[in-house]
Structures are given as C-alpha cells and as structure tokens.
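Asks: Before I ask anything, here is the structure I am working with.
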Amino acid sequence: MADKQKQAYRRISILVPLTPPASQEKRQRNKKLYYLLRWLRYGLHRGQGNSYCRIEPQDALPTMPHGAYRLSAQLQSKLEAFLHSSRFTDFIARMKAEAIAPAVYLVEHKTNGEDVALPPIRIFGDWPKPLPLPIPMHGTEIDHFHTPCFARQMLTAPLDKPVNEYSVE
C-alpha cells in the first residue's frame with residue numbers, strides 16, 4: 001500500500017478596498033462591507049490561520065489608497081468550485097446590488113509558496129487595475145473570537161439592511 005502524503009491546504013485571500021471616508025454614505029458602505037466579509041468568513045472553513053483584518057491606508061497597496069479589508073481562509077475545494085459556490089456568488093451579488101466597493105481582489109496562495117493574483121472582479125466604475133504582489137499580510141485583526149453556531153444565524157440580519165440604515169457616528 002502506497003503512503004499517502006498529507007496535502008497542504010491551499011489558501012485564498014480576498015481583498016476589498018475601502019471607499020474614502022469623506023462622506024457619511026461612504027462610511028456606511030464600508031460598514032456594510034465589514035458585515036458582508038464577516039458573513040462570508042463564517043461560510044468558509046474556519047481552520048487554523050484563517051484571518052479577517054483591516055489594512056490601514058499607510059500599509060495598503062497603491063490600488064487601495066484608503067485601506068482595505070483582507071479575508072484569508074483555507075480552501076476546502078478547488079478554486080473554481082469556490083468561485084462558483086453559492087456563498088461567494090451571493091457575496092458578489094450583494095456587493096454589486098448596492099455598489100459597496102469598486103472591486104474585489106483575489107490572491108491564491110499555492111502550496112509551493114507562490115502567490116497568484118487572479119483578475120479583479122469589477123463591482124462598479126472603471127475596470128480595476130491588477131493587484132501588485134506581494135500583498136500585505138498584516139493588519140488589525142477583526143473578529144478573531146469564535147462565534148457560536150446559533151449566533152451565526154444572526155449574521156444575515158445586517159446584510160438585509162440597506163446601506164443608508166447603518167449607523168456610523
């Protein structure tokens with residue numbers, strides 16, 4: 001019997017640039033983006049090393065001058081299956097419905113240590129510029145505690161609120 005080697009998990013990073021916080025409407029969009037990514041995170045495998053963080057403007061890439069949210073998670077399926085999963089397609093549809101952010105960037109972290117930036121997903125506006133590598137891997141950790149299963153069901157409540165109902169004072 002041949003020995004089966006344990007295959008390392010592949011990882012994906014989802015980066016979404018924040019809109020400039022100059023107006024209340026744009027701050028409300030950033031707040032809804034926070035909840036959308038949190039909801040997406042709980043739909044993904046919650047293994048070791050999964051993280052959700054905010055990248056501050058001074059640490060962000062030139063394509064994200066106002067900072068970004070980065071969700072990094074293990075892929076439990078092939079990349080194509082993830083991109084066509086109902087959770088991810090619903091995430092993109094919700095982003096487009098209210099023009100939450102201009103683009104969604106994806107980086108696949110391969111098992112050989114190589115990072116591959118996938119073409120950006122345009123949400124609204126001009127076609128986004130490609131993502132330069134390497135991406136910032138550090139930021140202010142968000143939502144690093146465990147949320148019990150019964151509480152996760154309430155994560156959809158903020159998603160159904162229109163952007164203009166979010167409080168940003």
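The values are calculated or read from the model by the stated rules, or taken from the named source; none is laboratory data. In this text, all values refer to a predicted model and were calculated from it rather than measured experimentally. All Cβ positions, even for glycine, are placed from backbone atoms using ideal geometry, and neighbour counts span all protein chains on display. The accessibility values were calculated without ligands, DNA or RNA, using every heavy atom of the protein model including side chains. Shrake-Rupley method; radii C 1.70, N 1.55, O 1.52, S 1.80 Å.
Asks: Condition first: out of contact with any Phe, Trp or Tyr (no Cβ under 8 Å at 6 or more places or on another chain), open to solvent by 60 Å² or more (accessible area, probe 1.4 Å), assigned to a helix (DSSP H, G or I) and modelled with pLDDT under 90. Can you find one or more residues in segment 140-149 that meet it?
Replies: Yes, the conditions are met somewhere in segment 140-149.
Asks: Let me ask another. For segment 57-72, enumerate the residues that are open to solvent by less than 50 Å² (accessible area, probe 1.4 Å) and either closer than 17 Å to Glu141 by Cβ or charged (D, E, K, R) (or both).
Replies: Listed by number, the residues that qualify are Ala60, Gly67, Ala68, Tyr69, Arg70, Leu71, Ser72.
Asks: List every residue pair whose Cβ atoms lie under 7 Å apart, where the two residues are 6 or more positions apart in sequence or sit on different chains, the first residue falls within segment 73-92 and is farther than 23 Å from Glu141 by Cα, and the second residue, located anywhere, is assigned to a helix (DSSP H, G or I).
Replies: Phe82/Phe88
Asks: Just the residues that are open to solvent by 10 Å² or more (accessible area, probe 1.4 Å) and either modelled with pLDDT under 95 or closer than 20 Å to Asn164 by Cβ (or both), please, taken from segment 91-102.
Replies: Ala93, Arg94, Lys96, Ala97, Glu98, Ala99, Pro102
Asks: So how many residues does segment 103-114 have that are touching a residue at least 60 places away in the same chain (Cβ under 8 Å) and either surrounded by fewer than 19 Cβ atoms within 10 Å (Cβ to Cβ) or under 13 Å from the mean Cα position of the chain (by Cα) (or both)?
Replies: 8
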